[in-house]
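*Asks:* Let me begin by handing over the structure; questions about it come next.
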Amino acid sequence: MSDLVCEACGHRNISTANFCSSCGEELSRGDATSENPVLGMDAPSGIDAIDRSAFGAHEGLFVVLQGPKTGARYALDADLVSIGRHPKSDIFLDDITVSRRHAEVRRDGARYWVCDAGSLNGTYLNRERTDDHEIVDGDELQVGKYKLVFVHGTGS
């Protein structure tokens, strides 16, 4: 039997599970494969491995490059997306190195901004601590021990 992949966080669960052991979402037993995977598992980690045809020209997306959820994808499909250790965060990163309300991503048209929400360990963009900064295609966001790459559709 094959693993069940959580559609919400990308975590691989045992085939008999009904709920994701990482985020608690109900697991879908439908076809977990896709003709256009956003991140190919055989490809090297990084922005070159992401298939941009799988989402719109001005849609933002985070892909976890390092941390317990490596390979997980998070669509930035709201004007305000919260990142943190709080279970109700839009991007839930369950680790002590992440503050409960760590950072926020704001969308303004086709542009995205990351803003630290007063976290203890800070928010880093391309290895530099930031409080509020625009993010562009290929930027690396570090929140605690998680490293996420920002992907900005097919048209930046």
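*Asks:* Let's test the formula: R0 of 25 Å, r as the Cβ-Cβ distance of N18 and D77. What FRET efficiency results, to the nearest 0.05? Can you show the working numbers first?
*Replies:* On the way: r = 26 Å, r/R0 = 1.03.
Given R0 = 25 Å and the Cβ-Cβ separation, E is 0.45.
*Asks:* Calculate the radius of gyration of the Cα atoms of the range 106-147 to one decimal place, then report Dmax, the largest Cα-Cα distance, as a whole number, both in Å.
*Replies:* When restricted to the Cα atoms of the range 106-147, Rg and Dmax are 10.1, 30 Å.
*Asks:* Compute the FRET efficiency between D131 and A110 as 1/(1 + (r/R0)^6), taking r as their Cβ-Cβ distance and R0 = 22 Å, and round to the nearest 0.05. If you can, show how the numbers build up before the last one.
*Replies:* Details: r = 23 Å, r/R0 = 1.03.
It comes to 0.45.
*Asks:* Then there's this: If R₀ is 30 angstrom, what is the calculated FRET efficiency for the pair L120 and E7, using the beta carbon separation as r and rounding to 0.05?
*Replies:* Values: r = 31 Å, r/R0 = 1.04.
So the FRET efficiency works out to roughly 0.45.
Throughout, read-outs are computed from the coordinates displayed, never taken from laboratory work. Nothing here was measured: the structure is a model prediction, and the numbers come from that model. Backbone-built Cβ (ideal geometry, glycine too); neighbour counts: all protein chains shown.
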